[in-house]
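One structure is given here, and the rest of the page talks about it.
Here, each number is a calculation from the coordinates, and none is a lab measurement. Model, not experiment: these values are computed from the prediction. In this analysis, Cβ positions are derived from the backbone assuming ideal geometry, glycine residues included, and neighbour counts consider all displayed protein chains.
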Amino acid sequence: MENKIALITGATSGIGKACALILAKMGFDIIATGRRQDRLEDLGKELAPGVRFLPLVFDVREREKVGQILGSLPSDWSAIDVLINNAGNAHGMDPIQTGSLDDWDAMMDINVKGLLYVSKAIIPGMTQRNSGMIINIGSIAGKEVYPNGNVYCGSKHAVDAITKGMRIDLNPFGIKVIAIHPGLVETEFSLVRFKGDESRAESVYKGFVPLYAQDIADIVEFVVNRPAHVVLADIVVLPTAQASATLVNKNP
Ligand code: NDP
Ligand code: 8X3
């Protein structure tokens, strides 16, 4: 993958960080984004010497800034081959009748509109070059709905639909569009969802072996390595102990 460029959003932790590391090992030049500059600097230090690395600090919700930063990349960084739309999170887990508007805004603005803002900036280069790959990180929450998951599930169902729409519209340009929908992956996801409540977050992954960020990165490596005529369009990946969004075989 010499001289190929991958842009990964939300590369400061979890799935995005693991994807950045594996793509760098595969030989990609890496553009990594997120809000936490210190984390992006740490990622840069973890990369092997010689890996070309461009950290970009922005909030995917900031429409003008996203367009401005991604629309003015240096010329040797602008031809992006692989875009991983990964930045996202759940905020809160409340029934619809008591959910918070701020949480709902965060999930729709980051998971859905943020993905669109980034895609809007990157897709024109891909259509001009008639090549590229977009990997959207969806969720089992984009395939099923579970109690108190209402708006998060809505945001990930939107990612599922937008991915399908992208695949149809970008088909004439030879651009591969892929969705990876994980079940329970142990990352900072639950810490964010439960607003820093560590014991509640840890309890999500207790009593079974969850997925790890590396498992998703391994799938990304496999997907990216397929020959030109093959696209793994829609992938659901669960821990073996998980049968559905809500059915997990804990403490068997
Ligand atoms: P983490 O919380 O570990 O990582 C989330 C990443 O998203 C961070 O790098 C964070 O960076 C970035 N991010 C969040 N909000 C913003 C924002 N407003 N602007 C820019 N970047 C942002 O969680 P995961 O790695 O688990 O989550 C990654 C993706 O995987 C998400 O889309 C999530 O919905 C999805 N997913 C996760 C599952 C799980 O069980 N963990 C299962 C299925 C899907 P920073 O805070 O520095 O901005
Ligand atoms: C994250 C997985 O099950 O918490 O998307 O919705 S779940």
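Points to keep in mind about this one:
- Axis angle, to the nearest 10 degrees, between helix 37-46 and the longest C-alpha principal axis of the chain: 70 degrees.
- Fully extended contour minus Cα-Cα distance, from residue 59 to residue 199, at 0.36 nm per residue: 47.6 nm
- Here the dipole of the chain is about 420 debye; that uses its Cα centre as origin and unit charges on the Cβ of Lys and Arg (positive) and Asp and Glu (negative).
- Residue exposure proxy: 250, 143, ordered by other Cβ atoms within 10 angstrom of their Cβ from fewest to most, comes out as 250, 143.
- Counted by Cβ distance under 11 Å from residue 236, the other residues give a net charge of -2, where Lys and Arg count +1 and Asp and Glu count -1.
- Region 1-104, Rg to Rh (Cα coordinates; Rh as Kirkwood inverse mean 1/r): 1.05
- Helical mean residue ellipticity (222 nm; -39500 (n - 2.57) per DSSP H run of 4+; nearest 500) of the chain: -11500 deg cm²/dmol
- Annotation for residue 240 and residue 169: the two label points, set 7 Å from Cα along the Cα-Cβ direction, are 4.1 nm apart.
- The per residue volume of the convex hull around the alpha-carbon atoms of region 5-237 is 122 Å³.
- Unsatisfied cross-links (Cα-Cα over 32 Å) in the set 113/176; 45/120; 4/250; 17/113: 4/250
- Neighbour counts of other Cβ atoms within 10 Å put 104, 77 in the fewest-to-most order 77, 104.
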